[in-house]
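A short write-up of the structure that comes next.
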Amino acid sequence: MSLRDQFTGTGIAIVTPFHEDGSIDWNSFSKLIEFWINGKVEYLVVLGTTGESATVHGKEKQEVLSFVQKQVAGRVPIVAGIGGNDTREVIHGFKEFDLTGYQAILSVAPYYNKPNQEGLYQHYKALDAVTPLPIIMYNVPGRTGQNLTADTQLRIAHDCKNIFATKEASGNFEQISQIIKNKPADFMVISGDDPITLHMIAAGAEGLISVVANAYPLDYSTMVRHCLKGDFAAARPLHYKYIDIISSMFTEGSPAGVKAYLSEMGLCKNTFRQPVWPVSEGHLGKIKKLMK
């Protein structure tokens, strides 16, 4: 199966469930994986931002990657989140982690140290040279503090043959349009923003890596499939059904919002690793009303 076949549609940036003491809740993790697969999503992304990857390290990261691979058992493609702001450390991760059963890597643009565009290009060029799997680059300037411009993403897309897609979460439609217009034919543009996914697919994107689909996998993956077929009349009611829910998932930070929903559904505990913290009681009340 080609990369386009595997990664067209809906992927979920999956949460990592924890117990109150901060240890990983493997039983809830197992339930969630079954819930997501039964929700007919196309693939899962493990230890992205929503999976609280910033506080899962080393041996434990490998435990999560291996657990998901065994539980999924080849039923859907899986993507490993391996990124950071130290190029050498990311390359070390590429070499050290056992990625058996994974089909791709999601690697976020370097954050905090704010490299210029040449630095961002050279970072991905270095990853491209040593990667064990195809890479989805991830542009999310709201979190990294630095935008991968259209020119830089296109340069990477044309020069780095192991980087086959971008998860675009800039929200900048001029930039998104330039990438879609000028990218190589086999390069994929994937939405990184739930609320504008319908619009991005209309412009030529090929799917979504979602937060809201953690809680509503069937409806949201159905909405994306309608969009990909060009049936926006069928997609719009689902888009608008979830627009307020999506907003509520980010009002007090993600993954705090989506875990509030999952805990109300009885799928995992409303627990995190600091500095992530649960949403306020007031906001939780609003979430409960939206769920009704």
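The table below gives the values:
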| item | result |
| --- | --- |
| Residue check for residue 169: of a type in the set (A, V, I, L, M), surrounded by 19 or more Cβ atoms within 10 Å (Cβ to Cβ), in contact with a Gly (Cβ under 9 Å, 6 or more places away or on another chain) and farther than 19 Å from residue 123 by Cβ | no |
| Residue pairs meeting the criteria (Cβ under 6 Å; at least 6 apart or on separate chains; first of a type in the set (S, T, N, Q), in the range 69-89; second outside any helix (DSSP H, G or I)) | 69/101; 85/110; 85/111; 85/112; 85/113 |
| Flag if residue 142 is in a helix (DSSP H, G or I), of a type outside the set (Phe, Trp, Tyr), under 18 Å from the mean Cα position of the chain (by Cα) and more than 23 Å from residue 62 (Cβ to Cβ) | yes |
| So residue 240, is it of a type in the set (Phe, Trp, Tyr), free of Cβ contacts under 8 Å to residues at least 24 places away in the same chain and under 30 Å from residue 177 (Cβ atoms) | yes |
| Selection count where residues are closer than 19 Å to residue 65 by Cα and either among the hydrophobic types (A, V, I, L, M, F, W, C) or outside any loop (DSSP other than H, G, I, E, B) (or both), scope the range 8-47 | 25 |
| Restricting the range 174-202 to residues that are in a strand (DSSP E or B) and either among the small types (Gly, Ala, Ser) or touching a helix residue (DSSP H, G or I) at 6+ places or on another chain (Cβ under 6 Å) (or both), the residue that is farthest from residue 221 (Cα to Cα) | 189 |
| Contacts under 7 angstrom Cβ, first residue in the range 139-161 being on the phi > 0 side of the Ramachandran plot, partner hydroxyl-bearing (Ser, Thr, Tyr) and not in a helix (DSSP H, G or I), 6 or more apart | 145/111; 145/112 |
| Among (1) under 16 Å from residue 127 (Cα atoms); (2) outside any strand (DSSP E or B) - the single one residue 101 does not satisfy | (1) |
| Any hit, the range 122-145, residues being exposed (fewer than 15 other Cβ atoms within 10 Å of the Cβ) and within 17 Å of residue 8 (Cα to Cα) | no |
| Scan of the range 257-292 for residues that are among the β-branched types (Val, Ile, Thr) and either farther than 19 Å from residue 213 by Cβ or assigned to a loop (DSSP other than H, G, I, E, B) (or both), ordered by number | 271, 276, 279 |
| Hits in the range 104-120 (condition: touching a Lys or Arg at 6+ places or on another chain (Cβ under 7 Å) and not in a strand (DSSP E or B)) | 111 |
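Each row is one residue, and each column tells you yes or no for (1) under 29 Å from residue 104 (Cα atoms); (2) among the hydrophobic types (A, V, I, L, M, F, W, C); (3) modelled with pLDDT of 95 or more.
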{"position": "201", "(1), (2), (3)": "yes, yes, yes"}
{"position": "212", "(1), (2), (3)": "yes, yes, yes"}
{"position": "222", "(1), (2), (3)": "yes, no, yes"}
{"position": "226", "(1), (2), (3)": "yes, no, yes"}
{"position": "255", "(1), (2), (3)": "yes, no, yes"}
{"position": "265", "(1), (2), (3)": "no, yes, yes"}
{"position": "271", "(1), (2), (3)": "yes, no, yes"}
{"position": "288", "(1), (2), (3)": "no, no, yes"}
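The values are calculated or read from the model by the stated rules, or taken from the named source; none is laboratory data. These figures come from a predicted structure and were not determined experimentally. Cβ atoms come from the backbone with ideal geometry, glycine included; neighbour counts cover every protein chain shown.
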